[in-house]
Amino acid sequence: MNSKFDPRFYVYVAKGLRDFADGFVTIVLPAYLLALGFGVGEIGLIATAALLGSAMITLGGGYFGAHIDSRKLLISACLLMAATGVALASAHSFAWLLVIAVFGTINPDVGNASIFVPLEHTLLSRLSTDATRTISFSRYTLVGAIFAALGSLAVSSPAILQTLGLSHIQALQLLFGFYALLGLVCALLYAQTPPAQKPVDENMKAGLGPSRSIVYRLAALFSLDAFAGGLIVQTFLFTWLYQRFGLSLATLGWYFFAEGMLEAASIPVAGWLGRRIGLIRTMAYTHIPSSLLLVAAALAPNAELAIAFMLGRAALSQMDVPTRASYVMAVVTPSERSAAASFTLVPRSLAKAFSPAIGGWLAASYSFIWPLILCGILKIIYDFALLYAFQHVKPPEEK
C-alpha cells in the first residue's frame, strides 16, 4: 500500500486515541459508580470483571492472531470498543455494569490490559526491524502515555457540561459516548495499515514453538508484576486520593495529567537506557525505586507529600513497558510473535483481574495503605526474580 506516512504512524495515532479514551474512562468510571451510589467494594468488583473479561477476549485474540491478520482483528476490537461506550452510557444497574465490564473493552487501568495490546505489538513488530524495534515500541508507548495524560484532563468537562444544563450523571454519560466515537475513529486508522504480506499458516495450532519455555517463564513473572499492579489500578488510585484526602475531580484530573506526562517523559529515556545497559536491567533498575516511592506514598501523612512521592514514582514506573514489549518480541521467532504477545499478556490480565477486588476489600476492611504497600513489596520481588532468571537471555541487538 502506498502512503506518504510510515505505516507505523497509523498504529501510533490509534494507540494515542485509545489511551486518551482510557485516560478519562479510568477516572470517569469510578466517578460514575460513586454517583450511582456504589462504594469502593463495588468499584473493585467492576475492575476485576473488566480485567477478567479482557483476559478472555485477549486469549481469543492471541489464538485467532495465528490464523487471521492482526489488522482485521484490531478493526473488530474497535467496533467492540464503540459498542462498549454506547452500553455504558445507558447503564445504571450494577448487574448490567458487570456484564459490560466482562464483555466490553472498558479498562480500569491505562494502556496495558486489553485485546488491542498483543495485536498492536504483533503489527508493530511486523512493521519494524531488529534495529528499529525498541525505538518503535518506545514511540508507541510515548504516544500512548502523552495522550493518556491529556485524557485525564477530560474529567474537568463534566463541570463544563453542567453549565449547559446537563446533570453530573448525564455529563459522565456523554463522555462514554465520546469513548464510543473514538473507537470508530481508531477502526478507520487501523484500516489504513498494510495487510500481512505472507498468508497466515492455517495449520498453526498453539502458535508457540522453540521459544515456548522462555515465553512461559516470562508469563509467570509478568503475572506476579501484574497481580501487584492490579491492587492499585488507576480507578483505585482515584478512589484513594478522592476519599483519603478529599481532592476534587478537577484536581485529580490535573494530578493524573502530571503523572501521565512524567511517564511520557520517561519513555525516551527507557529506550536510550535499554540500548546501553540492556532491556532486562532497564526494566528492573527503574522498577525497584518506583516501588519504594509507592510505599512511601502510602505512609505519607498529607496529600502534598503523597502526591510528591506518587509523581516521583510516575517518572520511573513505566520505563519497563516499551522495554518489556520489545524484549518479548526479540526473544521469540517471528512466527511466534502473535502467540507470545498473547501468552505473556493473558496471564498478566488474569492475575491482575483478581487483585482489584482484593485491594478493594483491604481498603474497605482495613486501610487504603495496605494495597499500596503490598503492591510495592510484590513488585520488588518480581524485579529481583526477573534479573536472576533472564539477565543472560539476550535479544539479538545485545549479543
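So here's what we get for this one:
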quantity	calculated
Test: residue in segment 287-296 that is within 18 Å of Y242 (Cα to Cα) and out of contact with any Gly (no Cβ under 6 Å at 6 or more places or on another chain)	no
Exclusive hit being surrounded by fewer than 18 Cβ atoms within 10 Å (Cβ to Cβ) and of a type outside the set (S, T, Y), set A91, A101, A95	A95
Any hit, segment 225-234, residues being touching a residue at least 60 places away in the same chain (Cβ under 8 Å) and either surrounded by fewer than 21 Cβ atoms within 10 Å (Cβ to Cβ) or over 21 Å from the mean Cα position of the chain (by Cα) (or both)	no
Segment 291-316 - residue that is without any contact (Cβ under 8 Å) to a residue 40 or more places away in the chain and of a type outside the set (A, V, I, L, M) and, of those, nearest to V331 (Cα to Cα)	R313
The lone exception for A14 - which of (1) more than 15 Å from the chain's Cα centre (by Cα); (2) modelled with pLDDT of 80 or more; (3) assigned to a helix (DSSP H, G or I); (4) aliphatic (A, V, I, L, M) it fails	(1)
Number of positions in segment 234-252 that are under 17 Å from L153 (Cβ atoms) and either in contact with a His (Cβ under 8 Å, 6 or more places away or on another chain) or not in a helix (DSSP H, G or I) (or both)	2
Residue match in segment 335-346 (condition: under 19 Å from the mean Cα position of the chain (by Cα), modelled with pLDDT of 90 or more and closer than 29 Å to W240 by Cα)	no
Residues being within 20 Å of G44 (Cα to Cα) and part of a loop (DSSP other than H, G, I, E, B) - total across segment 75-130	14
The listed residue being in a helix (DSSP H, G or I), crowded, with 24+ Cβ neighbours inside 10 Å and out of contact with any Asp or Glu (no Cβ under 9 Å at 6 or more places or on another chain), out of P289, P347, P322	P322
Residue under evaluation A303, criteria (1) surrounded by 21 or more Cβ atoms within 10 Å (Cβ to Cβ); (2) under 27 Å from F245 (Cβ atoms); (3) modelled with pLDDT of 80 or more, criterion not met	(1)
Residues (surrounded by fewer than 20 Cβ atoms within 10 Å (Cβ to Cβ) and modelled with pLDDT under 80) located in segment 129-147	T129, D130, A131, T132
Whichever residue in segment 62-76 is at pLDDT 70 or above and under 20 Å from S349 (Cβ atoms) and, among such residues, is surrounded by the fewest Cβ atoms within 10 Å (Cβ to Cβ)	S76
Residues being more than 14 Å from the chain's Cα centre (by Cα) and either surrounded by fewer than 24 Cβ atoms within 10 Å (Cβ to Cβ) or of a type in the set (A, V, I, L, M, F, W, C) (or both) - total across segment 352-369	12
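The values are calculated or read from the model by the stated rules, or taken from the named source; none is laboratory data. Values in this document were obtained by computation on a predicted structure and should not be read as measured data. FYI the Cβ positions are ideal-geometry reconstructions off the backbone, even for glycines, and counts take in every protein chain you see.
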